[in-house]
Amino acid sequence: MTTILIAPNAFKGSLTAEQAIEAMEAGTREACEECRIISKAIADGGDGFAQVIGDEPGTETVSVDVHDPLGRPIEASFSYNAGNSTAMIDVASACGLSLLEESEYDPLTASSYGVGELIRQVLDLNISRLIIGIGGTATNDAGMGMAAALGARFLDMAGEEISRPSGIDLGGISRVDMAEFEPRLADITVEALCDVDNPLLGENGAARVYAPQKGASKEVVERLETGMQHFVSLLSLDLGFKHAHAEGMGAGGGLAAGLSAFLNASLRKGIDMVMEQLNIPEALDAADLVITTEGRLDNQTLLHGKAPAGIATEARAINVPCIAIAGEVEIGADSRYQDIFTSVFSLCPGPVSRDDAMQNAAAYLQHATRQAVSLFLAGKNT
């Protein structure tokens, strides 16, 4: 019997990983009724991570009141397991780009303050371990907003406190005061999971790579980069932070660096923890074929730690073919994917508008999965 491992990442804005599984299972059944299907939703520290990794016995979802990237009251949630005193946060629930209308995108004014509010309420549960997924943010403030909500004081050049700092304030900070910082954080282990390996600064850093996706013009990108450089020098001076150029520190608009500097968080690839928590290696051992998904297949997928590339690499190591179904394939990426994926399929059956692709993603994914499975079986039987 042929065993197919379905391991989708979410299609941001259209399908959760669980909805993708439903469509892919239907497509697989259309191509092969007798095939055995193993379904595993995956994530890499980006948007939806906490839902994926927190879906285990004894874990509950807790909702709390925080503020969104623009300071408006919203409800955010986190996963909590009392048995192992662990909480899992998806920062996108408090400062995610998905919380804003496209016309509201602005990394100069967006703040991670709500993430700090979320962490503070998590601490009320007396946890010993905090796992934080740091993808999908609307922010580029290096975690300043988060730290302010946790008690750090950021003083401007006149010595006045900035109560809710954002990206626009990066270059105007004269001092960081940690005297009133949340003391309970010293007693817990904090792990930050990211889906990229970009450093904080430079051509591949938070501002130049990710700020344009969050609404930044070229001028704003350079302002953020200059501000980041200034802020890093302050973190080095006031906190002894020396890791700005380390891999992954640019994740979440520099939130990874903020978590490292202020919470002493360790940084690891989200896909590594997801594969460990969900027993993906065991599923791979049983599979004849793996099918994974990605909203956009590009250099970030191929080179910087995204979940589909992570699972494809593990599959390749044990000679299991892995097919990716992508909503969009960057020009040129299709000539590089063969080093990781066996094949790449387009989500859409032909030229369609972005709105059409988003609205009909489930139907298109079902169709693409059926095609992928059918071709795999045809090749297997020749």
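Criterion applied to 155, 193 was being under 30 Å from residue 296 (Cα atoms) and touching a strand residue (DSSP E or B) at 6+ places or on another chain (Cβ under 6 Å), and the one residue passing it is 193.
Just wondering, is there one or more residues in the range 222-241 that are of a type in the set (Val, Ile, Thr) and outside the structural domain of residue 368 (by TED's automatic domain parsing)? Taking every residue of the range 222-241 in turn, at least one turns out to be of a type in the set (Val, Ile, Thr) and outside the structural domain of residue 368 (by TED's automatic domain parsing).
Scanning the range 126-156 for residues that are on the phi > 0 side of the Ramachandran plot and either free of Cβ contacts under 8 Å to residues at least 60 places away in the same chain or not assigned by TED's automatic domain parsing to the domain that holds residue 87 (or both) gives 126, 151. One residue stands out among those in the range 325-366 that are over 22 Å from residue 306 (Cα atoms) and surrounded by 19 or more Cβ atoms within 10 Å (Cβ to Cβ): the one that is modelled with the highest pLDDT, which is 366.
Within the range 272-283, none of the residues are at pLDDT 90 or above and β-branched (Val, Ile, Thr).
Please work out if residue 242 is basic (Lys, Arg) and either surrounded by 24 or more Cβ atoms within 10 Å (Cβ to Cβ) or over 18 Å from the mean Cα position of the chain (by Cα) (or both). Criteria met by residue 242. Restricting the search to strands (runs of 3 or more DSSP E) fully inside the range 56-175 and requiring at least 2 residues that are within 17 Å of residue 265 (Cβ to Cβ) gives 86-90, 129-133. Taking the range 122-152 as the range and being surrounded by fewer than 17 Cβ atoms within 10 Å (Cβ to Cβ) and of a type outside the set (A, V, I, L, M, F, W, C) as the test, the residues that pass are 124, 126, 128, 129. The test for being β-branched (Val, Ile, Thr), modelled with pLDDT of 90 or more and within 17 Å of residue 195 (Cα to Cα) holds for residue 89.
Residue pairs whose Cβ atoms lie under 7 Å apart, sitting 6 or more positions apart in sequence or on different chains, and linking a residue in the range 231-244 that is touching a residue at least 12 places away in the same chain (Cβ under 8 Å) to a partner that is in a helix (DSSP H, G or I) and not small (Gly, Ala, Ser), are 231/170; 241/235; 244/232. Can you name the residue in the range 199-226 that is free of Cβ contacts under 8 Å to residues at least 60 places away in the same chain and of a type in the set (Ser, Thr, Tyr) and, of all such residues, is farthest from residue 102 (Cα to Cα)? Ranking the qualifying residues of the range 199-226, first place goes to 226. What do you reckon, is residue 209 under 21 Å from the mean Cα position of the chain (by Cα) and of a type in the set (Val, Ile, Thr)? Against the criterion (under 21 Å from the mean Cα position of the chain (by Cα) and of a type in the set (Val, Ile, Thr)), residue 209 qualifies. Kindly check whether there is at least one residue in the range 69-78 that is buried (at least 22 other Cβ atoms within 10 Å of the Cβ), under 30 Å from residue 226 (Cβ atoms) and modelled with pLDDT of 90 or more. Scanning the range 69-78 turns up at least one residue that is buried (at least 22 other Cβ atoms within 10 Å of the Cβ), under 30 Å from residue 226 (Cβ atoms) and modelled with pLDDT of 90 or more. Quick check on the range 279-292. Is at least one of its residues under 18 Å from the mean Cα position of the chain (by Cα), of a type outside the set (Phe, Trp, Tyr), within 24 Å of residue 96 (Cβ to Cβ) and not assigned by TED's automatic domain parsing to the domain that holds residue 191? Yes: the range 279-292 contains one or more residues that are under 18 Å from the mean Cα position of the chain (by Cα), of a type outside the set (Phe, Trp, Tyr), within 24 Å of residue 96 (Cβ to Cβ) and not assigned by TED's automatic domain parsing to the domain that holds residue 191.
Scanning the range 86-105 finds one or more residues that are under 14 Å from residue 60 (Cα atoms), over 18 Å from the mean Cα position of the chain (by Cα) and touching a residue at least 40 places away in the same chain (Cβ under 8 Å).
The values are calculated or read from the model by the stated rules, or taken from the named source; none is laboratory data. Given the structure is predicted, the values throughout are model-derived calculations rather than measurements. Glycine gets a Cβ as well: all are built from the backbone with ideal geometry, and neighbour counts include every protein chain shown.
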